[in-house]
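To start, the structure under review is shown below, and the notes come after it.
The values are calculated or read from the model by the stated rules, or taken from the named source; none is laboratory data. Treat the numbers as computed from the prediction; the structure is a model and nothing was measured. Cβ: placed from backbone, ideal geometry, glycine included. Neighbour counts: every protein chain shown.
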Amino acid sequence: MNKIKLAGVAVAVAAVVAGVLLYQNGNTSADNVADNTILMKQPLTTADADAVKRGKYIAIAGDCVACHTAPESKNAFAGGYAISTPFGGIYASNITPDAETGIGNWTERDFYRAVRHGKGKDGENLYPAMPYNAYIKVSDRDMHDLWMYMRSVKPVNYAVPETQLPFPYNIRLAMMGWNLLFFKNSGFTPDASQSAQWNRGAYLVEGLEHCAACHTPKNIIGGDTSAYLQGSNLSEWYAPEITSNTYTGIGNWSEDQIVDYLKLGSNHVAVAAGPMAEAVTHSTQHLTDEDLRAIAVYLKSQPGSDRQKPEPLKMDSAQMKMGENIYSINCTACHNSDGKGIPNLAASLADNPAIMGPDASSIITTILQGGRGAVTQGNPTSGAMPSFAWKFTDEQVAAAATYIRNAWGNAAPAVDAKEVAAKRKLLNLPEQMPQDVPTQH
Ligand code: HEC
Ligand code: HEC
Ligand code: HEC
């Protein structure tokens, strides 16, 4: 609470500072490059078919559908999905060509300004839950194709609920301060010392694919820190480090293994679940092999954090013994006694960097609520893990998590029962059931 209040003050102060600076400098936006006459709702012609097709790929790479479609809804891009932030839920807009409730009356220029600069039609500031700080890197050509594709989607008449954040986040002007601090108004500049392939990977990761939105840790008002792609807490989940660090990052994965993960949703050790399963299903599995390889090359070139593997916790502590016991009874059927799991089905817990990250959120969430791996064209039979929330106490979940983080050559700090209790609350999961309840699972 204190943190949030502090953040509020920081945002408000920054807003004032930014207001003054912007007043002096005028608008530095260069996004007046696009046409400002044709409205989105105006019909396309057959001559536009190629641009529409290319634009579809851009929309997939940008994963626009993930946020702009309500869960279970068949109305793609009609909005209504609430993105949860530490400051409250922010509803993604209806971005179909519907004139009344969507953006049918927008011009191409309005569209560029929203996607790359985070400005609404009337110049109001959008919340950075819309990842414009990444999309600023999208090229003019890709923006044009994306626009043509968005014009081709089915208009849906659906009014999205209004976002209601507490003060001061309800003041869109305050986002100006955020922008001043965290928004870099500069497009993608290729690095001449790197290959074309590396630059293609950088363009996708930094821009359209907005991988940093989840994988780069944030400061208290939600701006990216400099620990680029070094792992970030997403409350229920932890998006692990995806750099060349060989302990908590993916430095030991080959390019092929990274490509597999992004294409199939799993590889020799890992299975994508939660928000990453969504990113794989909606976006990365549809990228070309060349683009996936470019991403892999780029990720492997990132130096990453200086985290180093500690000594593993000793097997003879009470917590480790409890964990080992729970593991051997409840987990070996799928993950095996050697922790190696079933490739491309049940994640390996051994030799899997995500298991040893500094933040055990994904591990605790998975043990408590179970999970399901990404379903992809390349791997249509994903594995599922049952929920254990009803069966184990917080101490037992913490023990199992601590054990798997320190068995089979793994080494990572212990997990505390308090962390498990907090996750249980966050996930709205019941307390453990009394032991005498018959268990016929
Ligand atoms: C991580 C979630 C997320 C992704 C991915 C995303 N958006 Fe958004 N977008 C939002 C949210 C949330 C808003 C509303 C922000 C607000 O209310 O301030 C928004 C707003 C917009 C708006 C402004 C609409 C209006 O009526 O003001 C446009 C246009 C838009 N997004 C287009 C896109 C496109 C195109 C893509 C893909 C390239 C995309 N978005 C990807 C979350 C997302
Ligand atoms: C919406 C948030 C989100 C986005 C966007 C996202 N990721 Fe992830 N990513 C996660 C989470 C959460 C996990 C952990 C998944 C799990 O535990 O199964 C993850 C896991 C991974 C892993 C596996 C790491 C490991 O050690 O197991 C890789 C590799 C990865 N992401 C790469 C990427 C790349 C590349 C992008 C951009 C193309 C990306 N992610 C975009 C949230 C995200
Ligand atoms: C019925 C098979 C099954 C059982 C039993 C099972 N798991 Fe899993 N587990 C899976 C599958 C499939 C996945 C991959 C999908 C996912 O992450 O949700 C997985 C994933 C995990 C992950 C996430 C790995 C990552 O990369 O984030 C952890 C941690 C885990 N299991 C721990 C356990 C523990 C501890 C137990 C015993 C208490 C257990 N599992 C029992 C099938 C199982």
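Among the residues in the range 111-127, are any near ligand 1 (Cβ under 9 Å from one of its atoms) and farther than 22 Å from Asn32 by Cβ?
Yes, the range 111-127 contains at least one residue that is near ligand 1 (Cβ under 9 Å from one of its atoms) and farther than 22 Å from Asn32 by Cβ.
Is it the case, given these coordinates, that Ser382 is buried (at least 20 other Cβ atoms within 10 Å of the Cβ) and within 28 Å of Ile342 (Cβ to Cβ)?
Here the answer is yes, as Ser382 does meet what is asked.
Restricting to the range 93-139, give me the number of residues that are within 16 Å of ligand 2 (Cβ to nearest atom) and among the charged types (D, E, K, R).
Here the count works out to 1.
If you check Ala51, Ala66, Ala61, Ala76, which single one turns out to be assigned by TED's automatic domain parsing to the domain that holds Pro161, under 26 Å from the mean Cα position of the chain (by Cα) and surrounded by 18 or more Cβ atoms within 10 Å (Cβ to Cβ)?
Criteria check complete, one pass: Ala61.
Being assigned to a loop (DSSP other than H, G, I, E, B), assigned by TED's automatic domain parsing to the domain that holds Glu419, buried (at least 17 other Cβ atoms within 10 Å of the Cβ) and touching a Gly at 6+ places or on another chain (Cβ under 8 Å) is the requirement here; does Phe388 meet it?
yes
Looking only at the range 298-325, count every residue that is buried (at least 19 other Cβ atoms within 10 Å of the Cβ) and not in a loop (DSSP other than H, G, I, E, B) and tell me the total.
Residues in the range 298-325 being buried (at least 19 other Cβ atoms within 10 Å of the Cβ) and not in a loop (DSSP other than H, G, I, E, B): 6 in total.
Take the residues in the range 257-280 that are away from ligand 1 (no atom under 16 Å from the Cβ) and surrounded by fewer than 20 Cβ atoms within 10 Å (Cβ to Cβ); name whichever of them is modelled with the lowest pLDDT.
Out of the qualifying residues, it is His268.
Among the candidates Ser283, Ser254, which residue alone is free of Cβ contacts under 8 Å to residues at least 40 places away in the same chain, over 22 Å from Asn336 (Cβ atoms), surrounded by fewer than 23 Cβ atoms within 10 Å (Cβ to Cβ) and not assigned by TED's automatic domain parsing to the domain that holds Pro358?
Ser254
How many of the residues making up the range 111-147 are touching a residue at least 60 places away in the same chain (Cβ under 8 Å) and assigned to a helix (DSSP H, G or I)?
Looking only at that region, the number is 15.
Please determine, by comparing only the residues of the range 257-279 that are aliphatic (A, V, I, L, M) and without any contact (Cβ under 8 Å) to a residue 60 or more places away in the chain, which one is nearest to Glu209 (Cα to Cα).
The selected residue is Leu262.
Find all pairs meeting these conditions: Cβ atoms under 8 angstrom apart; at least six residues apart or on different chains; first residue within the range 207-221 and over 17 Å from Trp237 (Cα atoms); second residue buried (at least 21 other Cβ atoms within 10 Å of the Cβ) and polar (S, T, N, Q).
Cβ pairs passing all conditions: Glu209/Ser283; Glu209/Thr284.
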